[in-house]
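Please read the structure below before turning to the comments.
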Amino acid sequence: MSRTRYALIGTGSRAQLYLEAIAGRYAGIAEVVALGDPNPGRIEWTSNRLTASGSPAPARFTPAELAQVIATHRVDTVIVTSPDDTHAGHIETALDAGADVVVEKPLTISEPGVRRIAAAAERTGRKVTITFNY
């Protein structure tokens with residue numbers, strides 16, 4: 001059985017619940033293959049936590065590299081826990097690159113952002129799931 005391959009963008013406090021679940025309870029069916037953030041120190045800290053739990057070291061990327069990471073690492077789903085004003089761009093990029101998205105609320109901060117996300121979901125047939133975990 002293959003595991004769902006996740007990339008996570010935004011490694012601040014919102015991300016920790018997802019990472020703990022994937023590296024812990026769901027490690028048999030899920031794996032974090034890539035971490036993205038504009039802050040390399042946060043990526044380092046998060047990567048160290050994952051490897052300390054026994055997970056393989058994930059690839060690291062900047063937000064501008066999201067589409068490339070999805071293709072290179074065969075990402076199934078992108079988890080978006082970045083600042084709210086970045087959600088629309090990250091979601092649209094992930095959908096267009098061929099990944100589904102899980103986004104911590106809010107979906108985005110503006111009506112144009114919602115329209116961009118809806119259009120990307122429609123043209124790609126990919127799923128967007130909004131969560132309210134934090």
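Note on the chain: GNM, Cα springs under 10 Å; of Thr124, Thr81, Thr93, the largest mean-square fluctuation is that of Thr124. Pick out which of Glu92, Glu111, Glu65 has the largest mean-square fluctuation in a Gaussian network model of the chain, springs linking Cα atoms closer than 10 Å. Between Glu92, Glu111, Glu65, it is Glu111 that shows the largest mean-square fluctuation. Summing +1 for each Lys or Arg and -1 for each Asp or Glu among the other residues whose beta-carbon sits under 15 angstrom from that of Ala30 gives 0.
Using the Cβ-Cβ distance between Arg42 and Ala64 with R0 = 25 Å, the FRET efficiency computed as 1/(1 + (r/R0)^6) comes to roughly 0.95. Given +1 at the Cβ of Lys and Arg, -1 at the Cβ of Asp and Glu and no other charges, the dipole of the chain around its Cα centre is 280 debye to the nearest 20. Comparing Gly89, Gly41, Gly12 in a Gaussian network model of the chain where C-alpha atoms under 10 Å apart are linked, the largest mean-square fluctuation is found at Gly41. The residue among His87, Ser53, Gly12 whose Cα reaches farthest toward the positive pole of the charge dipole of the chain, with charges on the beta-carbon of Lys, Arg, Asp and Glu, is Ser53.
Any read-out appearing in this document is the output of simple, stated calculations on the displayed coordinates, not a laboratory observation. Remember, it's a predicted structure, so these values are computed and weren't measured experimentally. Don't worry about glycine lacking a Cβ; one is built from the backbone with ideal geometry, like all the others, and counts go over all protein chains shown.
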